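Structure record follows, encoded as structure tokens.
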Amino acid sequence: PRVDANVYAEENGLAIAALAALYEATGDPRVLARARRAADLVLSKHVDAEGRVKHDAESPREVFYLADGASLGYALARLAEVAPESGASYLAAADRIAAWMVRDLLDPADGALLGHTPDPDATGVFSQRRKPYMGNVNAARLLAEEICAPAPPLRAPGGGCPTAHIVHACDPVQ
């Protein structure tokens, strides 16, 4: 059978988060090195300056998915949490990803996040943007990790949270 050699952001985010948890449990520096290597690779190829996460770095398509951003963003926030001595860059990337998700995917009518950015090539049922349950659960995990992250050295001076505005942006009551 054919082997898929592509590197996907969502799946790598899941793996990085699992490696962060394994490092947290064992303290094995080889596990942390593997998590950092994977995070650095995915960050360099999949995440742009605005925090948008490409599903497949080699694809020319400009459709961005909640599942990729939520999974990778959560993984980066967890990596920053378990290894704070080098976590500032991972936390900054997680902040950019979280801000992108809220800016480009939030449905203000109900506060849920849409599954992807508009797809100009989609037709019929595929053109309908849905709000996937698991994508929103993973996004909530990222946003909770962002809000509950430790104070300095990982947070802004004074212990402020760079993404605290996200909670208010998601609050449909306001």
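The values are calculated or read from the model by the stated rules, or taken from the named source; none is laboratory data. The model shown is predicted, which means the values in this text are computed figures rather than measured ones. Don't worry about glycine lacking a Cβ; one is built from the backbone with ideal geometry, like all the others, and counts go over all protein chains shown. Ligands, DNA and RNA are excluded from the accessible area calculation, which covers all protein heavy atoms including side chains. Shrake-Rupley method; radii C 1.70, N 1.55, O 1.52, S 1.80 Å.
Counting just the residues of the range 1-54 that are more than 24 Å from residue 134 (Cβ to Cβ) and among the β-branched types (Val, Ile, Thr), which one comes out most open to solvent (accessible area, probe 1.4 Å)?
3
Are any residues in the range 110-138 in contact (Cβ under 8 Å) with a residue 60 or more places away in the chain, surrounded by fewer than 19 Cβ atoms within 10 Å (Cβ to Cβ) and of a type in the set (Gly, Ala, Ser), and if so, which ones?
The one that is in contact (Cβ under 8 Å) with a residue 60 or more places away in the chain, surrounded by fewer than 19 Cβ atoms within 10 Å (Cβ to Cβ) and of a type in the set (Gly, Ala, Ser): 111.
Given the condition under 13 Å from residue 139 (Cβ atoms) and either assigned to a helix (DSSP H, G or I) or of a type in the set (Phe, Trp, Tyr) (or both), answer yes or no: does some residue in the range 104-118 qualify?
Yes, the conditions are met somewhere in the range 104-118.
Which numbered condition in (1) of a type outside the set (D, E, K, R); (2) open to solvent by 30 Å² or more (accessible area, probe 1.4 Å); (3) touching a Leu at 6+ places or on another chain (Cβ under 8 Å); (4) under 17 Å from residue 135 (Cα atoms) is the only one that residue 73 fails?
Of (1) of a type outside the set (D, E, K, R); (2) open to solvent by 30 Å² or more (accessible area, probe 1.4 Å); (3) touching a Leu at 6+ places or on another chain (Cβ under 8 Å); (4) under 17 Å from residue 135 (Cα atoms), only one is false for residue 73: (2).
Can you pull out the residues in the range 107-133 that are among the hydrophobic types (A, V, I, L, M, F, W, C) and at pLDDT 95 or above?
If we filter the range 107-133 for residues that are among the hydrophobic types (A, V, I, L, M, F, W, C), which is where we start, we get 109, 112-114, 122, 125-126.
Answer for the range 107-133, where residues must be among the hydrophobic types (A, V, I, L, M, F, W, C) and at pLDDT 95 or above: 113, 114.
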